[in-house]
Amino acid sequence: MAWRDVMCGDLRADDAGRRITLAGWADTRRDHGGLVFVDLRDHTGKVQLVINPEHSAGAAETAHEIRNEFVLQATGEVVARAPELVNPNLPTGQIEVQVDELRVLSRSTPLPFQLDEENVEETIRLRYRWLDMRTDRMQRNLRLNHTAISAIRNVMDERGFVDVWTPSMTRGTPEGARDFLTPVRLQPGKFFALAQSPQLFKQLCMVGGIDRYYQIATCWRDEDLRADRQFEFRQLDLEMAFVEREDVLDVMEAAVVGAFEAVGKTAPARPFPRISYDEAMSKYGSDKPDLRFGMEIEDATEVTRGSQFGVFAAADVVRFIAAPRAFSRAELGRLEEVAREWGAKGLAYLVNDGGEVRSPIAKFLSEQELAALTPQPGHTALFAAADESTVSRVLGGLRLHIARELDLMETGEEIFHWVVDFPLFERDEDSGGWTFMHHAFTAAVAGDEEKIESDPGAVLGQHYDLIWNGWELGSGSLRIHDAEVQQSVFRAMGIPEEEQRSKFGYLLDALAMGAPPHGGFAMGIDRFIARMAGEPDIRQVIAFPKVASGADPLTGGPTPMPESVLKELGIRSIVDAPSA
Ligand code: ASP
């Protein structure tokens, strides 16, 4: 006999009269003295079982011992409920199953939490993830994850991409994070790094003639865990030969739209808007601007040249945002603190309170300045005056803070857009030298190669980022496919020849043996799915995630290792960890 011949959530009114067998979990049990009602649940939904001692004494006896989350098998007849007993909240609410055979397939100890309990502490949910997984929320999320990834795989397949597996254990793959290391017993004292991404392997695939590579790749980065960060995470990782930027963006847009359609959500319109890095920084003060609301940064440098207000007159740039609220003194005090956190020395403002201007600086401003800078009634102009990058940071930070406070973000719109034309290099705050903005393998725009070593700060990179509602979903670039150019980038970053050879010799060799022009992208799958599922963090869409401390509440990892194991690996611990 089969364990089941129909799923719990599939029964409807026109099944009445059928004799069926179901298997699933006891969601709830209500014992009415004689009659026992059990809601039986599987991943498709719930159905009500009725166990009547007059109908089946054996089943009734079994029913009395049932507790929540026992696994049951029930056979009986589907019967229509009387009109007054129909449950309109349940898709199966028009019927119930009159049980004549009932078997307990598996019991459950008392539960650490009830499945319908709210606000269960997350470590408890993760410790008993198999229970948590039975909730609607986790069922929905893990299935949505599957549906979206299948759709993405279809898009890749249709476009001729080849899924190539790349190693997890490798030499460091520089993405700017710390590596996780793996000792190698056969090579005592030596370590593999776990791949931070398949970046160099996918480039080698292009040199190897694969032409279109993709992978739902697991990546490892030793960074502090956050809402959108785990030690290990997945990327839709792809690389294409003989392409321009637009070809890569086109595939990524198709993948995003394919996933949206597959999960039944309205897909964002294509092509996704593109804005340059410069525009993003100057208008929104961020390289991943949230475009769901306006409050764009406006320039006041010209108008305030020669201002009587010394702070404005002396600053490199003066810019402002006009927030849609006439803020009170107390609110402005709090905003000034936010501005200081972002690096401002103070916060100048002009409040237009129904036509009347409130501002300590108004008396220093000329009529012309006031005419240009006073916001509409009911608005406040907030100013930053400093060097350009400080001004962007401060106003970008204020813009997001105010949007959150005034509830301007959740417009219901899903805005995907690209940020393009990033600088190739930025200053490394620690060393003061140049470092990459994306990674060391991104190509400069045509014509800028000559400046790589002579004027690194002026070189534009062929780097692009995908942003969803102010969240960075991923990055990509057209790559360097010439060993000489690659070496000039290494030199600009101050990497000596010897280190170039020892770390990246294999890449330089490959680039010197017929490397096609190529480019690619990687999108954080967990972030993407979490957003789609409307979840606040990626742990909710990952089956077995870790918590912020880096521990896994389920298995209890990480654990110390016995001396003997470490010794075999050629390792001695210098930390007094509790012994294994
Ligand atoms: N390897 C990059 C990353 O993981 C993405 C890319 O350039 O394709 O962010």
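I'm checking my understanding of the structure. Among residues of the stretch 174-192 that are within 16 Å of the ligand (Cβ to nearest atom) and more than 22 Å from residue 542 (Cβ to Cβ), which one is surrounded by the fewest Cβ atoms within 10 Å (Cβ to Cβ)?
We begin by selecting, within the stretch 174-192, every residue within 16 Å of the ligand (Cβ to nearest atom); these are 174-180.
Then keep just the ones that are more than 22 Å from residue 542 (Cβ to Cβ); that gives 174, 176.
Details: 174: 18, 176: 12.
So, considering only residues that are within 16 Å of the ligand (Cβ to nearest atom) and more than 22 Å from residue 542 (Cβ to Cβ), the one surrounded by the fewest Cβ atoms within 10 Å (Cβ to Cβ) is 176.
Within the group 442, 435, which residue is within 30 Å of the chain's Cα centre (by Cα), open to solvent by 30 Å² or more (accessible area, probe 1.4 Å) and among the β-branched types (Val, Ile, Thr)? Break it down into steps so the answer makes sense when it comes.
Numbers: 442 fails: open to solvent by 30 Å² or more (accessible area, probe 1.4 Å).
None of the other options fit; the residue is 435.
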Practice prompt. Enumerate the strands (runs of 3 or more DSSP E) found wholly within the stretch 215-328, keeping only those where 3 or more residues are crowded, with 18+ Cβ neighbours inside 10 Å and touching a helix residue (DSSP H, G or I) at 6+ places or on another chain (Cβ under 9 Å).
Written response: 232-241, 317-323
Item to complete: From (1) away from the ligand (no atom under 13 Å from the Cβ); (2) within 30 Å of residue 568 (Cα to Cα); (3) under 18 Å from the mean Cα position of the chain (by Cα), pick out the condition that doesn't hold for residue 219.
Response: (1)
Discussion item. Going through 72, 102, 22, 90 one at a time, which residue ends up being touching a strand residue (DSSP E or B) at 6+ places or on another chain (Cβ under 7 Å), over 18 Å from residue 134 (Cβ atoms) and of a type in the set (A, V, I, L, M, F, W, C)?
Written reply: 102
Fill in: Among the residues listed as 393, 340, the single one being of a type in the set (Lys, Arg) and over 15 Å from residue 298 (Cα atoms)
340
Practice prompt. Please work out which one of (1) under 30 Å from residue 448 (Cα atoms); (2) touching a residue at least 60 places away in the same chain (Cβ under 8 Å); (3) within 16 Å of the ligand (Cβ to nearest atom) is the condition residue 527 fails and give its number.
Written response: (1)
Worksheet entry | Residue satisfying all of: in the stretch 464-478; within 11 Å of the ligand (Cβ to nearest atom), open to solvent by less than 10 Å² (accessible area, probe 1.4 Å) and not aliphatic (A, V, I, L, M); farthest from residue 437 (Cα to Cα) among these | 474
Worksheet entry | Within the stretch 193-214, considering residues that are more than 13 Å from the ligand (Cβ to nearest atom) and part of a loop (DSSP other than H, G, I, E, B), the one surrounded by the fewest Cβ atoms within 10 Å (Cβ to Cβ) | 209
Worksheet, complete the sentence: Counting only residues in the stretch 367-395 that are of a type in the set (Gly, Ala, Ser) and in a helix (DSSP H, G or I), the one farthest from residue 286 (Cα to Cα) is identified as 371
Fill in: Qualifying positions in the stretch 59-70 - open to solvent by 50 Å² or more (accessible area, probe 1.4 Å) and either assigned to a helix (DSSP H, G or I) or touching a Leu at 6+ places or on another chain (Cβ under 9 Å) (or both)
61, 64, 67, 68
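The values are calculated or read from the model by the stated rules, or taken from the named source; none is laboratory data. From a predicted model like this one, the values you see are computed outputs, not experimental measurements. Using ideal geometry, Cβ is built from the backbone for each residue, glycine included, and neighbour counts are taken over all protein chains shown. Accessible surface areas use protein heavy atoms only, side chains included; no ligands, DNA or RNA. Shrake-Rupley method; radii C 1.70, N 1.55, O 1.52, S 1.80 Å.
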